[in-house]
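What follows is a set of notes on a single structure, which appears directly below.
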Amino acid sequence: MNNIFLNNTMQSWLFALIYVVATIILSRLLKWIFNSIKKNRARQEKFSGIYIFIDLLEKPIIFGVVIFGFWLALQHLNFENAFDKGIRIVYYILITLNIAWLVANLFNTFIEKFARQKVEDSGSKMEKQVLSLLKSVVNIFVWVIAIIFALKQAGYDVGALLAGLGIGGLAIALAAKDSAANIFGGIAIFSDRSFQVGDRIKIKGYDGIVEEVGIRVTRIRTFAGTLISLPNSVFTSTELENVSVEPSRRIVLELGLTYDTPPGKMKRAMDILKDIISKNEHTEEKVLLSFDAFRDSSLNILFIYYIKAGEDILETQTEVNLEILDRFNSEGLEFAFPTMTQYRINPETN
């Protein structure tokens, strides 16, 4: 047992192996315990808060146990100073990243289990967007700090490293220009509140429902069923129409009746249009009507009405148009179509 292998006795290697095996067994036991507890979740809803923290802590705790167990195993072994220093650096880096993992999980759990529930109860679309952006920003912040701290533990001069980044800052800024523009575009979306998740918008020829506003891109589900991802910078440099927030949709129709329509029937046609709108529950009572022009082939009626906010625009237009067609046909009001009369001149008569 006193034979030497890689500067360590066989007894030292045996103790190290025992710690490694014990660590593996303990990690598997902890996993089994956590899974057993979670299986009882349905029968113990009153302890739902405990299960939230089990989900939160399970993986970081098991990973921490593995790190600690291997560290204890290595304490029974002696290596050269350089190798020993390397192990110590790796150990500190793993501990730092494990703590960052735990902190990120804590924040994500708070967002998903508590804050998001309150937001859903309030029904605020804007607050849902803010939570998604906040979650992304905080996770990035936690991991950046963890990486910087881990580099410091590894022996790097973080101050000098950051100064070095300053030297190449121009190149990095140029490379990251679009990403930065998209991030600031996402912030502008939240601050301007030009639209929210669930709104119907029109931009750059796309027409659809906003499904997600991320830190870099906004996703829109078009009426064709496709999912469009637009960089957030687009929304700060392009005109946008938010269909969902308009108080009502203005519909303009120009109806042309034949020239043999008498004045009484023209007035009757306008009365019918007013009556159709007054009886439609999806439209506002406001109507604009005018016998506004004598066209080349028709007597023109300008008809403007408004569809209420939130109503199905296409369906309402169909209802109104079918009613107009039915009522005009019943009253004998004929729609005009373009006509042209040609006069042929006989040269012999000149």
## Note on the structure
Between residue 195 and residues 5 or more places away or on another chain, the pairs with built amide H atoms under 5 Å apart involve none
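Cα-Cα over 31 Å: which of 202/265; 204/267; 135/308; 204/279; 265/286; 204/274? Don't jump to the answer; show the numbers that get you there.
Details: 202/265 41 Å; 204/267 43 Å; 135/308 37 Å; 204/279 37 Å; 265/286 22 Å; 204/274 36 Å.
With Cα atoms farther than 31 Å apart: 202/265; 204/267; 135/308; 204/279; 204/274.
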### Summary
Along principal axes, largest first, the alpha-carbon spread of the range 246-330 in whole Å comes out as 40, 24, 18
## Note on the structure
Of the residues 247, 303, 325, the Cα lying farthest along the dipole of the range 246-330 towards its positive end, which is defined by charges on the beta carbon of Lys, Arg, Asp and Glu, belongs to 303
### Task
Using Cα pairs closer than 8 Å and at least 6 residues apart in sequence, work out the relative contact order for the range 246-330, in percent.
39 percent
### Task
Report, largest value first, the span of the C-alpha coordinates of the range 184-332 along each principal axis, in whole Å.
63, 32, 26
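Coordinate-derived values only; no laboratory data. Nothing here was measured: the structure is a model prediction, and the numbers come from that model. Every residue, glycine as well, gets a Cβ built from its backbone with ideal geometry; the counts of neighbours run over all protein chains shown.
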